[in-house]
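Quick notes on the structure that follows.
Since every read-out is calculated from the coordinates, none of them should be taken as a lab result. This structure is a prediction, so every number in the text was calculated from the model and none was measured. As a convention, Cβ positions derive from the backbone with ideal geometry for all residues, glycine included, and neighbour counts pool all protein chains shown.
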Amino acid sequence: MNYTLNIDIDIKTTKLGISSDYQDKCIRELYRLGDTMDHKTNVKAIMTSFKVWDETDLFNPLVDRILHVTSNLFPFDDGRWVYKIDNCWGAIYKKGDYTLPHKHIPFYLSFVYYLQSNSDTPLVFNEGGGLRITPQDDDLIVFPSNLIHSVPIHEDEKDRICIAGNILLTMNNND
């Protein structure tokens, strides 16, 4: 599904089709990694480092899939530009956790992939009328990094678990 805020900015959502077995492994790995950031970022939840691939290689296939899907959702046809994931982290929202409004400048695109969601805690885009997207398991949401976004207080007993990150637009090294 695609959303357009009244400020003419595209937010894309899609299913990645990741197997539930792999999703479960990723969830277990995020619990194992724990809270590296100690609630010192905008994410007031359990959060890995910004370079989760330095902590484990389990997420490499998922990160590769996200990059591939994103390049199809937001294509550049001239071949001079390529996408590169600059940073990526995991987050586990327990009851009472939330994320402060923020944006990801200087990045081009940002994403959130939901390993485990619930029906109550949305991703909120605070501009253009306050669009609220309530994700489902296996949803990938990709959006321009300059959009202010947040997560309200998670009130469910079931943890909300996601992988998020930022994508740079870089010159193709083949040029």
> Counting pairs of alpha carbon atoms under 8 Å apart in space and at least six apart in sequence, what relative contact order in percent does the chain give?
Replying inline: 29 percent
> What full-extension length gain, to one decimal in nm, is calculated for D78 and K94 as 0.36 nm per residue of separation minus the Cα-Cα distance?
Replying inline: 1.4 nm
> Once Rh for the range 19-120 is found with the Kirkwood sum over Cα pairs, what is the Stokes-Einstein diffusion coefficient at 10 °C and 1.306 mPa s, in µm²/s?
Replying inline: 105 µm²/s
>> Need the list of aspartates and glutamates near K51 for cross-linking: C-alpha distance under 12 angstrom, and skip anything on the same chain fewer than eight residues off.
In response: D86
> Gaussian network model of the chain, Cα springs within a sub-10 Å range: biggest mean-square fluctuation belongs to which of N72, N118, N87?
Replying inline: N72
> What nm distance separates the two modelled labels at E127 and I27, each placed 7 Å from Cα along Cα→Cβ?
Replying inline: 3.4 nm
> For the residue pair R65 and E157, what label-to-label distance in nm results when each label sits 7 Å from Cα along the Cα-to-beta-carbon direction?
Replying inline: 3.0 nm
>> Suppose we look only past 24 Å in the calculated P(r) of the range 2-171. What percent of the Cα-Cα pairs does that tail hold?
In response: 30 percent
